[in-house]
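The values are calculated or read from the model by the stated rules, or taken from the named source; none is laboratory data. As the structure is a prediction and not an experimental result, all values here were calculated from the model. Here Cβ is always computed from backbone atoms with ideal geometry, including for glycine, and neighbour counts include all displayed protein chains. These area figures cover heavy atoms from the full protein model, side chains too; ligands, DNA and RNA do not enter into them. Shrake-Rupley method; radii C 1.70, N 1.55, O 1.52, S 1.80 Å.
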Amino acid sequence: MTDTLNEPMVRIEGLRKSFGSHEVLRNIDLTVMPGQVVTIIGASGSGKSTLLRCINLLETPDAGHVWFHGKDLAAEHVDVNRLRESIGMVFQGFNLFNNMNVLDNCTLAPVTLKKMNKQEAERTALAHLESVGMGEFAHAHVSTLSGGQKQRVAIARALCMNPDLMLFDEPTSALDPEIVGEVLEVMRALAREGMTMVVVTHEMAFAKSVSDEVVFMDEGIIAEKGSPQKIFTAPEHARTREFLARYLDD
Amino acid sequence: MDAHAIPRRNRLVAFVLDDHRYVLLGTSVVACLGMLLSSSPRPWFSFMYYAYPVEVVMYYLLFAWVCVSVAALISKAMLRERYAQASPFTRPPVKSALRCTSYLMWAITAVLIVDRVVMGLASAWAVATSVQSRPEDALQSILYMLWHGRDMFITGIMTTIELAVLGTVIAFFLALLLVFCRIQTIDRPDNDLVRFLKVVGAWFAKVYSTVIRGTPMMVQAGIIYYGVIGILRGSGMGTTEINALWSAFTAGLVTISINSTAYMMEVLRGGIESVDIGQTEAARSLGLSQWQAMRKVVFPQGIKFAIPGLSNELVINIKDSSVLSVIGTFDLMFATNTVAGIYWQQLQANMIAAVAYLILTMVATWLLNKLSRRLGGRGAGVTGMSDSTVNAEAATAAADQMGA
């Protein structure tokens, strides 16, 4: 990962995706450099989540290419399981494994896939749980946690695989307003540590302060992208202005 | 179980120990039952025969209770809305007295039930097991057939239990195999051979389920039993060899296993599909393969949803194994038909079978409920009763408070 500092980590070219007759993504081009934090903003239904899910192939693109570390994910027979090990993902609905406790959630993938022994995996997991402030809940059952706690565990679970890239799919949208902050704080710390991140979010303040690049999506295309200063202070597109006006009113 | 037991016991205790407005009506029903029993013929073993005057007194006490109830009803009809305030029956001391008297009525009826029903059964049993030919009296006749056909009924019941239990267990493991074939989907890392096998597996499971669930088990039993006999005969085996290798019991067990597999597969599939898709996505996003995600995350959750349906399958198999009697499997139904043929009493023999099947299914349901609670699933709820009477009781209590 160090030898490719000047190479893009993710390069997307001509990406298209339809669900039935509804075209969700129309010709998307995007690059993410190592260490970069890219936030994707836009109205609901503009294709943000689908774009994110195409990066780790939870959705299969109809056309176009997604290169991750120079490997084309859209090629047939590509070992997506191996590639996904280095792409962590955090979901809107947390999706913690309900049949396990917090620690087992974090150790399942390292033990299964990296053939790590249980003690070592638990040590790593505890360190990550500490870093998101969930260390004392290691043996709690998932169903006893609050939304914010679940999401922090979900982040720790993804970090346990030591990923190169983290995808966040509206990580705070299912949370009560008063606990959004605790999750955003964890994400901020992660960004400071230099993690490469692609974040789909409606938290404009977060996008403004943390991202290196902001992407505004509208009806399946990238309408505008640039530095947070440019997007939030001097947007070029009418649609961007319209969208931001609605959010900045609140 | 514990969550329901406490309020239910409290309700029962309240019904017995508290004054409530149903004491007259409820106990009248009991009193009428007692009077009916008292006027029915005395069985051989009746002990009240030796205390005839006591029974006369008991009868008129019950009669008196009914009269009081009728008086209360007339009072209610005349006073209507003013009943709660004006009628003597709603005064607290009267209500207490009525409640205490009602205990006597229940006790009298209980004595009569023992004297007529329990002793009646005992007398009929004594007659049935001692006489040489089948008595004409229906109850005695049934008990006579039960006693003289006991070896057949016991063999039949044991065979039915074996078929149902073994069949369900075998079917469960086959259904596990089949459901994994059924839910396979093409995944990107798969090579062409794996893709081909997955498609074939899924299709096989689908066709299997359609064919087996779309044909009666009785027909399947016939095809399997006679089909294999035909194959064995074609290979040059003699009748005795065939019977040793392929008995009606073996054929029945194979049939019930094959049949139940299809249903259990659908139950398991339903359980697996009711697990949130996000669980799979999270597992896959960490790099787990389709199989690993299924085995470690989805299946352990899905089987919990499937436990009630899987338990139900055992109960269904207890009942449905009866159709295997057509190929000569000596189960409870076959025993019933045999006994019915000996005495030419089809109705009575089938009533014995009905009671036996009911006891078997109720015991199975009870055991499965205990088991599934231990496994942490929901209760089986197969022939379970409704627990939703709580509100009605609460409403009654509230109405009582207002009336008093």
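Take region B:284-302 and flag every residue that is within 12 Å of another protein chain (Cβ to nearest Cβ), in a helix (DSSP H, G or I), of a type outside the set (Ser, Thr, Tyr) and open to solvent by less than 40 Å² (accessible area, probe 1.4 Å). So that I can check it myself, show each step before the final result.
First pass over region B:284-302, keeping only residues within 12 Å of another protein chain (Cβ to nearest Cβ): B:284-293, B:295-302.
With in a helix (DSSP H, G or I) added as a condition, the list becomes B:284-285, B:290-293, B:295-302.
Of the ones still in play, those that are also of a type outside the set (Ser, Thr, Tyr) are B:284, B:290-293, B:295-302.
Passing the criteria: B:284, B:292, B:293, B:297, B:298, B:299, B:301, B:302.
Any chance you could count how many residues in region A:60-76 are facing chain B (nearest Cβ under 10 Å) and either under 19 Å from residue B:293 (Cα atoms) or of a type in the set (A, V, I, L, M) (or both)?
Here is the first cut: in region A:60-76, the residues facing chain B (nearest Cβ under 10 Å) are A:60, A:73-76.
Applying the additional criterion that residues be either under 19 Å from residue B:293 (Cα atoms) or of a type in the set (A, V, I, L, M) (or both) yields A:60, A:73-75.
Within region A:60-76, residues that are facing chain B (nearest Cβ under 10 Å) and either under 19 Å from residue B:293 (Cα atoms) or of a type in the set (A, V, I, L, M) (or both) number 4.
One line per residue, one yes/no per condition, for (1) polar (S, T, N, Q); (2) in contact (Cβ under 8 Å) with a residue 24 or more places away in the chain; (3) farther than 25 Å from residue B:281 by Cβ:
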site	(1), (2), (3)
A:134	no, yes, no
A:141	no, yes, no
A:148	no, yes, no
A:156	no, yes, no
A:185	no, no, yes
A:216	no, yes, yes
A:234	no, no, yes
- Query: What number of residues in region A:223-249 are touching a helix residue (DSSP H, G or I) at 6+ places or on another chain (Cβ under 8 Å) and of a type in the set (A, V, I, L, M)?
  - Reply: 4
- Could you run through region A:163-183 and say how many residues are free of Cβ contacts under 8 Å to residues at least 40 places away in the same chain and either outside any helix (DSSP H, G or I) or within 14 Å of chain B (Cβ to nearest Cβ) (or both)? 3
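Out of B:281, B:313, I need the residue that is open to solvent by less than 40 Å² (accessible area, probe 1.4 Å), of a type in the set (Asp, Glu) and away from chain A (no Cβ under 12 Å). Which one?
Working: B:281 fails: away from chain A (no Cβ under 12 Å).
Just a single option satisfies the conditions, and that option is B:313.
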- Item | Filter result for the condition that a residue is farther than 28 Å from residue A:176 by Cα and open to solvent by 20 Å² or more (accessible area, probe 1.4 Å), over A:123, A:152, A:84 | A:123
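So that you can scan it fast, the table gives a plain yes or no per residue for (1) among the aromatic types (Phe, Trp, Tyr); (2) under 30 Å from residue B:331 (Cβ atoms); (3) touching a Phe, Trp or Tyr at 6+ places or on another chain (Cβ under 9 Å):
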residue: B:117; (1), (2), (3): no, no, no
residue: B:125; (1), (2), (3): yes, yes, yes
residue: B:134; (1), (2), (3): no, yes, yes
residue: B:150; (1), (2), (3): no, yes, no
residue: B:162; (1), (2), (3): no, yes, yes
residue: B:181; (1), (2), (3): no, no, yes
residue: B:186; (1), (2), (3): no, no, no
residue: B:189; (1), (2), (3): no, no, no
residue: B:192; (1), (2), (3): no, no, no
- Task: Please state which of the following conditions residue A:202 fails to meet, knowing it meets all the rest: (1) open to solvent by 10 Å² or more (accessible area, probe 1.4 Å); (2) part of a helix (DSSP H, G or I); (3) closer than 22 Å to residue A:246 by Cβ.
- Result: (2)
- Query: Can you tell me which residue in region B:254-278 is farthest from residue B:310 (Cα to Cα), limited to those that are open to solvent by 40 Å² or more (accessible area, probe 1.4 Å) and within 13 Å of chain A (Cβ to nearest Cβ)?
  - Reply: B:277
- Item | Neighbours by Cβ (under 8 Å, 6+ apart or cross-chain): first from region A:92-113, facing chain B (nearest Cβ under 7 Å); second acidic (Asp, Glu) and open to solvent by 20 Å² or more (accessible area, probe 1.4 Å) | A:93/B:276; A:95/B:276; A:95/B:281; A:97/A:104; A:109/A:85; A:113/A:85
- Item | One residue from A:32, A:37 being away from chain B (no Cβ under 12 Å), crowded, with 21+ Cβ neighbours inside 10 Å and touching a helix residue (DSSP H, G or I) at 6+ places or on another chain (Cβ under 6 Å) | A:37
- Item | Hits in region A:209-222 (condition: touching a helix residue (DSSP H, G or I) at 6+ places or on another chain (Cβ under 6 Å) and open to solvent by less than 20 Å² (accessible area, probe 1.4 Å)) | A:211, A:214, A:216, A:217
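Would you point out the residue of region B:346-355, among those that are touching a residue at least 40 places away in the same chain (Cβ under 8 Å) and crowded, with 19+ Cβ neighbours inside 10 Å, that is farthest from residue B:165 (Cα to Cα)? Write out each step before concluding.
Kept after step one, since they are touching a residue at least 40 places away in the same chain (Cβ under 8 Å), are these residues of region B:346-355: B:348-349, B:351-352.
If we keep only those that are crowded, with 19+ Cβ neighbours inside 10 Å too, we end up with B:348-349, B:352.
Working: B:348: 27, B:349: 24, B:352: 22 Å.
Going through the qualifying residues, I end up with B:348.
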- Message: So, restricting to helices (runs of 4 or more DSSP H) that lie completely within region B:15-131, which ones have at least 2 residues that are open to solvent by 90 Å² or more (accessible area, probe 1.4 Å)?
- Response: B:23-38, B:52-79, B:92-113
- Subset of region B:181-225 (residues that are open to solvent by 50 Å² or more (accessible area, probe 1.4 Å) and either on the phi > 0 side of the Ramachandran plot or not in a helix (DSSP H, G or I) (or both)): B:184, B:185, B:186, B:191, B:214, B:215, B:216
- Residue in region B:325-338 that is most open to solvent (accessible area, probe 1.4 Å), counting only those that are part of a helix (DSSP H, G or I) and under 13 Å from residue B:161 (Cα atoms): B:333
